[in-house]
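The values are calculated or read from the model by the stated rules, or taken from the named source; none is laboratory data. Since the structure is predicted, the reported quantities are computational estimates derived from the model, not experimental observations. Using ideal geometry, Cβ is built from the backbone for each residue, glycine included, and neighbour counts are taken over all protein chains shown.
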């Protein structure tokens, strides 16, 4: 090869090199522009993703506040339970086999587990999915011991609400269950997350914002596999952390010992309710509704079957009969009629009315409980003579009766603050006209004895009797005594709240109270047979409220229909009669006669209550309670 | 002898040496960070890389020292050795992740397909050197060089190693562009390529490769599976910003969001930790080496030297732009290494031999 030819050869490519260099320049320019774009224009976007990649927010759940009764007995508290979470992405089939083995699952349960893990959608497979809740102690031990071998399986301690009294006072206390998507939407800004639990009834619901506290969180750095990194000191200092604020403790005015007493006294009766209230403060000492449900079951995993069973139970365990439902108060309402008459001076208490055992109005003949003969107001209350009150009702009229009834708190909510309280009902002349086309005087007669369309809740009735007992002060029923911090310090103490003073003369009250004393203590009183000799003196009124004939209901055994057509038995009163401390209302649903069925229960409750208190007082060296109780 | 040494010193290509050394050193430094993540089990990898670079440097010196006309004479022999090694892969090779690419030599594993790129360049250079045709080449003129390409390429595709086969084809194409092609031949080749694309899709590509392509075309569709690598790489580069997160501070790297950060994604690691300035520095170095390679080619004394220099430049060029294009989300994910920056013995050795060849041609631009 000659030098010349070599030169020529090289020259032949000269142009090509320039083109190639140009192409190289072009391609590298594209790469450079792309890198510049990524690292300047798109920087914020990718920096945010990179940060999010390595941060994981671990919630620090707040402990829910404790609920205690007035004596400090714990009603609702928290205990740790252990849930098993599985991260599908991190577990192999052998891992799942191992979990099943460690937890002692039978083949069927194992198949369910395998299916559930397989069913987790792809975008959730890197998440921890709850597979078992509240595992047994031995399962926990097995999983903890061998947990290291199973990186995709986590046992997490979660607090579970525990109700020490089971079904006692269930309606008042309430329960928790998991929030729904609607709940989360309906409470924006309150930090509810899927899986959180929320108060569903009673105090747990109404005082949710106090009891719940505020969850905290910890932001930790994790790698691509979700493993939390060992933090350097510097990282720890930077760590974003908010401590959980524990919920407030709530002390109720309710006395759970008294609740136990009531439950004992109610044995043998399937259905009913009791309210006990302190007449001096309006503090509710007992709200009892039977039948009830177990809060631990309700708060845990309630099966659909169990719920259906409760919903269809003819005794209506899901209903709070002290507040949510209203009833015809029957003869317990007669004292309101009496007071209305006395207050407006339309009827002289010494006026005597002859009771032949029936009352004729128009073509209608209404029957009395018996032929009482000549009765004055006291006698009429003691023996519960309908004829007397009917006669009086014609004089008093519906307007006056309603006005006084409203003054005593009937027909409007008492404001206790839980369980969508019913307002009760005092039917007016207009209401009757609208409803039945025209007003009849017979409606007034029904209203006077707490029948017809007059309805009251047990709490309303108890507050009214408390007002009668304390000389005319109508309190707002109080259920919450105080709110405290977890270290036991009171944050807020609630004072009794007076709703209003009833415009009623003391002599009129005294007259009626004397009649109520007679109901229990006069030999011809309707509750005389129920009184306890040498016990705490009780004053009160029995009632026997007729029940609207129930149509045959689906699921109700026709052989048992007779029971549901029986009257409701009432007793409303207070004790000790001379210096009243508590008012009580007892309703035995379909119990029959008030004197025979409700009064004995009330007597026993009051006897036990004051007896216990006397014992307690004696033990503590004070005898004032005893002295007062024995008067 | 003395004149030879003096001549060598005067003619030594310092620019090439400095640029290549810079990339190699930065590569090792970056590799140290890329493999330092706790629990990755890769901590010792940068030492291995240093061994390979040292060995590669030795081989490069040897390659540069021998007059390249020796390679021209032994071109077919070298090419033959390459093909035999590729056949041996099927007999002795070990399989990793479904591909058979490696032969064990003692405690080393050798990837013959990497070395084949060099043998291919030499063989093509020899063919063109002996066939000094100056008119445009027709399709008929492409039959022999085409065969030179196709024999090893088929063997490589059978492993299968699509990335390397593709690089071989691109090098071939670049070298053919250097000599003249008739416009008609060019169009025919282009048409053939387009027509073969569906066939490639159906028969040549495996499921995971098809997945990578679809993930590239629609990256948001499945971030957790196929699109994951590409996405995390973009996040790494983008979050580096202008100044970077600092050496060893890249969270995408240190927290193991970057897969294969030592082999396929070292540029992402570097860009995350050193930012735009670092990224442009590396781009600049590669750009310089490639242009320098073209300059060497343009000054070569004969056609063999020119073709070898262009071939080596093309080798570095295609590796670089495919790898960086891939980690920047401009190209689908293919396992193509970044020269001297990626971990890998055969890859380092191949590039170093290539650099040795460049140096060889560069030094001898004034001799004979």
Review point. Could you list, in sequence order, the residues of the range B:238-261 that are surrounded by fewer than 24 Cβ atoms within 10 Å (Cβ to Cβ), more than 10 Å from chain A (Cβ to nearest Cβ) and at negative phi?
Key: B:247, B:249
Practice item. Could you tell me whether residue B:216 is at pLDDT 80 or above and either within 14 Å of another protein chain (Cβ to nearest Cβ) or surrounded by 15 or more Cβ atoms within 10 Å (Cβ to Cβ) (or both)? Key: no
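So that you can scan it fast, the table gives a plain yes or no per residue for (1) touching a helix residue (DSSP H, G or I) at 6+ places or on another chain (Cβ under 7 Å); (2) in a loop (DSSP other than H, G, I, E, B); (3) outside the structural domain of residue A:329 (by TED's automatic domain parsing); (4) at pLDDT below 90:
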site: A:584; (1), (2), (3), (4): yes, no, no, no
site: A:595; (1), (2), (3), (4): yes, no, no, yes
site: A:600; (1), (2), (3), (4): yes, no, no, no
site: A:603; (1), (2), (3), (4): yes, no, no, no
site: A:615; (1), (2), (3), (4): no, no, no, yes
site: A:626; (1), (2), (3), (4): yes, no, no, yes
Practice item. Within the range A:456-468, identify whether any single residue is in a loop (DSSP other than H, G, I, E, B), within 31 Å of the chain's Cα centre (by Cα) and modelled with pLDDT of 90 or more, and answer yes or no. Key: yes
Exercise for review: Would you confirm whether any residue within the range A:415-429 is out of contact with any helix residue (DSSP H, G or I) (no Cβ under 8 Å at 6 or more places or on another chain), modelled with pLDDT under 90 and farther than 27 Å from residue A:500 by Cβ?
Suggested key: no
Review point. Quick one: residue A:61 ticks every box in (1) in contact (Cβ under 8 Å) with a residue 60 or more places away in the chain; (2) within 14 Å of chain B (Cβ to nearest Cβ) bar one, so which box is it?
Key: (2)
Revision key, fill the gap. By residue number, the members of the range B:37-86 that are within 14 Å of another protein chain (Cβ to nearest Cβ), within 26 Å of residue B:125 (Cα to Cα) and out of contact with any helix residue (DSSP H, G or I) (no Cβ under 7 Å at 6 or more places or on another chain) are B:69, B:73
Check your understanding: Quick one: would you say residue A:245 is surrounded by fewer than 23 Cβ atoms within 10 Å (Cβ to Cβ) and either without any contact (Cβ under 8 Å) to a residue 24 or more places away in the chain or within 19 Å of residue A:207 (Cβ to Cβ) (or both)?
Key -> yes
Check your understanding: Within the set of pairs 6+ apart or on separate chains, which have a first residue in the range B:158-175 that is outside any helix (DSSP H, G or I), a second that is crowded, with 22+ Cβ neighbours inside 10 Å, and C-beta atoms under 7 Å apart?
Key -> B:159/B:89; B:159/B:101; B:159/B:113; B:161/B:101; B:161/B:113
Review point. Residue B:324 versus (1) touching a residue at least 60 places away in the same chain (Cβ under 8 Å); (2) closer than 20 Å to residue A:42 by Cβ: which is the lone unmet condition?
Key: (1)
Revision key, fill the gap. Listed by range, helices (runs of 4 or more DSSP H) wholly within the range A:200-293 having at least 1 residues that are at pLDDT 85 or above and in contact with a strand residue (DSSP E or B) (Cβ under 9 Å, 6 or more places away or on another chain) are A:202-206, A:208-212, A:256-265
Check your understanding: Could you list, in sequence order, the residues of the range B:277-290 that are within 7 Å of another protein chain (Cβ to nearest Cβ) and either without any contact (Cβ under 8 Å) to a residue 12 or more places away in the chain or touching a strand residue (DSSP E or B) at 6+ places or on another chain (Cβ under 6 Å) (or both)?
Key -> B:280, B:287
Practice item. Inspect the range A:160-176 for any residue being more than 18 Å from the chain's Cα centre (by Cα) and either buried (at least 18 other Cβ atoms within 10 Å of the Cβ) or not assigned by TED's automatic domain parsing to the domain that holds residue A:420 (or both) and give the result as yes or no. Key: no
**Study point:** Any chance residue B:232 is in a helix (DSSP H, G or I), within 11 Å of another protein chain (Cβ to nearest Cβ) and modelled with pLDDT under 90
**Key:** yes
Check your understanding: Going through the range A:21-56 one residue at a time, which ones are at the interface with another protein chain (Cβ under 7 Å from one of its Cβ atoms) and under 28 Å from residue B:291 (Cβ atoms)?
Key -> A:21, A:24, A:27, A:28, A:31, A:32, A:34, A:35, A:36, A:38, A:39, A:40
Review point. Among the numbered criteria (1) under 38 Å from the mean Cα position of the chain (by Cα); (2) under 27 Å from residue A:56 (Cβ atoms), which single criterion is violated by residue A:95?
Key: (1)
Review point. So which residues in the range B:170-187 are away from chain A (no Cβ under 14 Å) and buried (at least 17 other Cβ atoms within 10 Å of the Cβ)?
Key: B:172, B:185
Check your understanding: What is the number of the single condition among (1) within 23 Å of residue A:265 (Cα to Cα); (2) modelled with pLDDT of 90 or more that residue A:536 does not meet?
Key -> (2)
Practice item. Determine if the range B:122-145 includes at least one residue that is surrounded by 17 or more Cβ atoms within 10 Å (Cβ to Cβ), within 19 Å of the chain's Cα centre (by Cα) and farther than 25 Å from residue A:22 by Cβ. Key: yes
Practice item. Please determine, by comparing only the residues of the range A:22-62 that are in a strand (DSSP E or B) and farther than 25 Å from residue B:254 by Cβ, which one is modelled with the lowest pLDDT. Key: A:59
Review point. Are any of the residues in the range A:348-366 in a helix (DSSP H, G or I), surrounded by 15 or more Cβ atoms within 10 Å (Cβ to Cβ), touching a strand residue (DSSP E or B) at 6+ places or on another chain (Cβ under 9 Å) and in contact (Cβ under 8 Å) with a residue 60 or more places away in the chain?
Key: no
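Rundown of residues vs (1) over 30 Å from residue A:287 (Cβ atoms); (2) touching a strand residue (DSSP E or B) at 6+ places or on another chain (Cβ under 7 Å), yes/no style:
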| site | (1), (2) |
| --- | --- |
| A:384 | no, yes |
| A:399 | yes, no |
| A:409 | no, yes |
| A:428 | no, no |
| A:441 | yes, yes |
| A:446 | no, no |
| A:450 | no, yes |
Exercise for review: State yes or no: is residue A:75 more than 9 Å from chain B (Cβ to nearest Cβ), surrounded by 13 or more Cβ atoms within 10 Å (Cβ to Cβ) and closer than 30 Å to residue A:171 by Cβ?
Suggested key: yes
Check your understanding: Here are some conditions: (1) crowded, with 24+ Cβ neighbours inside 10 Å; (2) within 12 Å of another protein chain (Cβ to nearest Cβ); (3) within 13 Å of the chain's Cα centre (by Cα). Residue B:341 meets all but one. Which one does it not meet?
Key -> (2)
